[in-house]
Amino acid sequence: MNNSAAPLMELERVGRVFGDGEAAVHALTDATLRVHRGDYVSIMGPSGSGKSTLLNIMALLDRQTSGTYRFDGVDAQSLPEGRRTGLRAHRIGFVFQAFHLLAHRSVTENVAMSMLYNRMPRSSRRTLALEALERVGLSHRADFLPTKLSGGERQRVAIARAIAPHPTVLLCDEPTGNLDQVTGRSILDLFEELRASGLTVVVVTHDPRVGLQADRILEVEDGRVEMLPQSNRRVPSER
Amino acid sequence: MKSRQTTRARLDWRDLIVEALAGLFARPGRALLTVLGAVLGIASLVATLGVAHTAGNQIISSFNELSATSVVVTTDRGFFGDNAPRVALPWDSETRLSRLNGVVAAGSMADVNIAGDLTSSVPLNDPLGQTEFQVPMVAASPGLYPAVRGNLRTGRWFDQGHSERADRVAVLGIGAAQRLNITRVGQQPVVFVGDLSFVVIGILDDVLRQADLLNSVIVPEGTARELYDLESPTTIQIDTEVGAAALIAAQAAIAVSPNDPALVRVQSPPSPESLQTQVESDVNALFLVLGAVSLLVGAIGIANVTLVSVLERVGEIGLRRALGAGRRHIAYQFLLESTGIGLFGGVIGASAGVLVVVAVSASNDWTPVLDARVPLGAPLLGAVVGLLAGLYPAWRASRLEPVESLRASGA
């Protein structure tokens, strides 16, 4: 955080091609966008539009085939795999549509797992995990197995897992896709709270109700990213 | 957050162990079945080595120090050799053999033909009791006493002087002494063999070789030559140093019969080492193959199950990669899981193998003998087998791309 004016994530004409030759699929072409610290950005588009590909590249899980992507000023393409892995462990939190909780580990263990690979001392992991569970309002479920929880609670556990190591940015891939409307709503409220506490949030979704929650909305269509004109900062009370 | 972005991902080894154990205990039933494969392999290996070692040890214990140091030279013509020429063993065999390096003691002996003469102690007019007995007479050289590892109850053994002077002295075996009712030699009791009298100078309590002596009247060779025209000794008993028996057996025939060494018979103990090795290798060759095969099957089982586990946990692998696990962390975790299965199987298998050895020994009245390195090394072997079995699945797991793993297991 040496220069808070520089964008946290900066994509310039980023493209991603799967396969080659005639079978090549251009999942992403010319994606240019910036995400600043404290932003709450949603990436919207119909399924198959390339938004998940975009998120995977931003998450350092995938590499673009063209263009440049700078994460916190560092060219991600030039980073060796070990460094990219390190960035995932330390700086980026993930929330998946399918939760991806380990069924045979307790809620606390699932949350603590996000700190397994990032030099967090063993002793402070549990404290941080419980802290994160409190932030998502699940302290009373700390010793449950995920299989005993409702869908909304599971996603909250997944969010707690993502935020427990205090990442710089939270990347969410259809976080409400597996939830009913009411539960999804409560997850969105949670994002709002997290953003208010200074976390950068990027949400990929095809659901306008989710997307409109954000400060900025990016539209992905046929692999192209378009920034919708307004930065219509919504008043929280509007909810 | 600071500037942690330069830090590489890492994983504490304790966490690695916890994760691997959690992975195993997530499916305890399957883990146990997989362990069973390793258990069978290790158990059969340990049992094989143990039983072979125990059996081999049984053989060596029957070749004890006593028989391993005994060499006997005779002029027996053997079972089919009635017509073979017979050599006479020289009177000085004892002296000749004592010069050989490795001989502790040597003594010659011969049955004396007393033509059916009965033996009695001092005539006692007891009309009811039997006073005359048929007791065999043996002529012996002075060196026979140590050579048979004799033990006198009382008195003494005769020496070279008795033999040279042809003194009429005798040593009674304990059996003969009891029949003749002689228990002490202090007052120089006399026995009569036919008309000839002998002064009893000692009573032989026990011998470890040539047990016939215990029922005989034993006289010096010189005495037997003079009184009964004994031609030559017929048997020579040699007591060798431990390990020298084979050498002495080869030299003894030449020493006592330089012209015709082939005409004397030399009985020496078989080499116990060769027998033991033979038995062990017989048992080993058969069952070690069996053990190795079951271990191989166990290893394939571990590899299979670990591979299935990898494919089943693609989502977990993707998640871990997204959370910052490097490829090697994923590989380590699965390697550790398969190694754990192998180690656990090795521990159980070693215990089961030891039990088998004990059971087999108990049913055969053997003393179980097991090289300590076998049960201690078995868990290690199991761990190595598990490690090797896990190499391929772990490599497969580490090659998975996080994006595809997460997508494949989505929803």
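Quick one: would you say B:LEU381 is in a helix (DSSP H, G or I), in the same structural domain as B:GLU19 (by TED's automatic domain parsing) and surrounded by fewer than 20 Cβ atoms within 10 Å (Cβ to Cβ)?
no
Going by what's in this entry, would B:VAL369 be described as away from every other protein chain (no Cβ under 14 Å), surrounded by fewer than 20 Cβ atoms within 10 Å (Cβ to Cβ) and in a helix (DSSP H, G or I)?
The answer is no for B:VAL369.
Scan the stretch A:98-126 and report the pairs whose first residue is at positive phi and more than 7 Å from every other protein chain (Cβ to nearest Cβ) and whose second residue is aliphatic (A, V, I, L, M) and surrounded by 17 or more Cβ atoms within 10 Å (Cβ to Cβ), with Cβ atoms within less than 9 Å and a gap of 6+ or a chain change.
Note: pairs meeting the criteria are A:PHE99/A:VAL157; A:PHE99/A:ALA158.
Taking the stretch B:298-327 as the region of interest, how many residues are aliphatic (A, V, I, L, M) and in contact with a helix residue (DSSP H, G or I) (Cβ under 6 Å, 6 or more places away or on another chain)?
Final tally of qualifying residues: 10.
Only one of B:LEU196, B:LEU263 is under 20 Å from B:LEU89 (Cβ atoms), aliphatic (A, V, I, L, M) and surrounded by fewer than 18 Cβ atoms within 10 Å (Cβ to Cβ). Can you tell me which?
Going through B:LEU196, B:LEU263 in turn, the sole match is B:LEU263.
On the basis of being under 19 Å from A:SER47 (Cα atoms), without any contact (Cβ under 8 Å) to a residue 60 or more places away in the chain and within 15 Å of the chain's Cα centre (by Cα), does A:THR176 make the cut?
It is true that A:THR176 is under 19 Å from A:SER47 (Cα atoms), without any contact (Cβ under 8 Å) to a residue 60 or more places away in the chain and within 15 Å of the chain's Cα centre (by Cα).
Let me spell it out: the conditions are (1) in contact with a Pro (Cβ under 9 Å, 6 or more places away or on another chain); (2) at pLDDT below 90, and A:ARG91 meets all of them except one. Which number is the exception?
Among (1) in contact with a Pro (Cβ under 9 Å, 6 or more places away or on another chain); (2) at pLDDT below 90, the lone unmet condition for A:ARG91 is (2).
Which of the residues that make up the stretch A:53-76 are at positive phi and within 9 Å of chain B (Cβ to nearest Cβ)?
Across the stretch A:53-76, the qualifying residue is only A:ASP72.
Which of (1) at pLDDT 90 or above; (2) surrounded by 21 or more Cβ atoms within 10 Å (Cβ to Cβ); (3) closer than 18 Å to B:GLY298 by Cβ does B:PRO375 not meet, given it meets every other one?
That leaves (1) as the condition not met.
Quick check on the stretch B:388-396. Is at least one of its residues touching a residue at least 24 places away in the same chain (Cβ under 8 Å), more than 14 Å from chain A (Cβ to nearest Cβ), crowded, with 19+ Cβ neighbours inside 10 Å and farther than 24 Å from B:GLU316 by Cβ?
No, the stretch B:388-396 contains no residue that is touching a residue at least 24 places away in the same chain (Cβ under 8 Å), more than 14 Å from chain A (Cβ to nearest Cβ), crowded, with 19+ Cβ neighbours inside 10 Å and farther than 24 Å from B:GLU316 by Cβ.
Test of understanding: among A:GLY152, A:GLY137, which residue is in contact with a helix residue (DSSP H, G or I) (Cβ under 6 Å, 6 or more places away or on another chain) and either away from chain B (no Cβ under 14 Å) or within 13 Å of B:LEU323 (Cα to Cα) (or both)?
The unique qualifying residue is A:GLY152.
Can you give me the number of residues within the stretch B:203-239 that are at pLDDT 90 or above and on the phi > 0 side of the Ramachandran plot?
0
Check every one of the strands (runs of 3 or more DSSP E) wholly within the stretch A:172-239 and list those with 1 or more residues that are in contact with a strand residue (DSSP E or B) (Cβ under 8 Å, 6 or more places away or on another chain), surrounded by fewer than 22 Cβ atoms within 10 Å (Cβ to Cβ) and modelled with pLDDT under 90.
A:216-221, A:224-227
If only one of B:SER338, B:SER405, B:SER361 is at pLDDT below 95, within 14 Å of another protein chain (Cβ to nearest Cβ) and in a helix (DSSP H, G or I), which one is it? Step through it out loud before you land on a result.
Working: B:SER338 fails: within 14 Å of another protein chain (Cβ to nearest Cβ); B:SER361 fails: within 14 Å of another protein chain (Cβ to nearest Cβ).
Testing whether each residue is at pLDDT below 95, within 14 Å of another protein chain (Cβ to nearest Cβ) and in a helix (DSSP H, G or I) leaves just B:SER405.
Taking A:PRO165, is it without any contact (Cβ under 8 Å) to a residue 40 or more places away in the chain, of a type outside the set (Val, Ile, Thr) and within 13 Å of chain B (Cβ to nearest Cβ)? Even if it seems obvious, please write down each step before you answer.
Working: without any contact (Cβ under 8 Å) to a residue 40 or more places away in the chain: no; of a type outside the set (Val, Ile, Thr): yes; within 13 Å of chain B (Cβ to nearest Cβ): yes.
Taking the combined requirement at face value, the residue does not satisfy it.
Out of the residues in the stretch B:310-328 that are within 13 Å of another protein chain (Cβ to nearest Cβ) and farther than 22 Å from A:ILE163 by Cα, state the one that is surrounded by the most Cβ atoms within 10 Å (Cβ to Cβ).
Taking the candidates together, the pick is B:ARG313.
Check whether at least one residue in the stretch B:160-182 is in contact with a His (Cβ under 6 Å, 6 or more places away or on another chain), hydrophobic (A, V, I, L, M, F, W, C) and assigned by TED's automatic domain parsing to the domain that holds B:PRO136, and report yes or no.
yes
Test of understanding: among A:ILE159, A:ILE217, which residue is within 13 Å of the chain's Cα centre (by Cα) and among the aliphatic types (A, V, I, L, M)?
Sole residue among the options that is within 13 Å of the chain's Cα centre (by Cα) and among the aliphatic types (A, V, I, L, M): A:ILE159.
The values are calculated or read from the model by the stated rules, or taken from the named source; none is laboratory data. In this text, all values refer to a predicted model and were calculated from it rather than measured experimentally. A quick note on method: Cβ atoms are made from the backbone with ideal geometry, for glycine too, and the neighbour counts reach across all protein chains shown.
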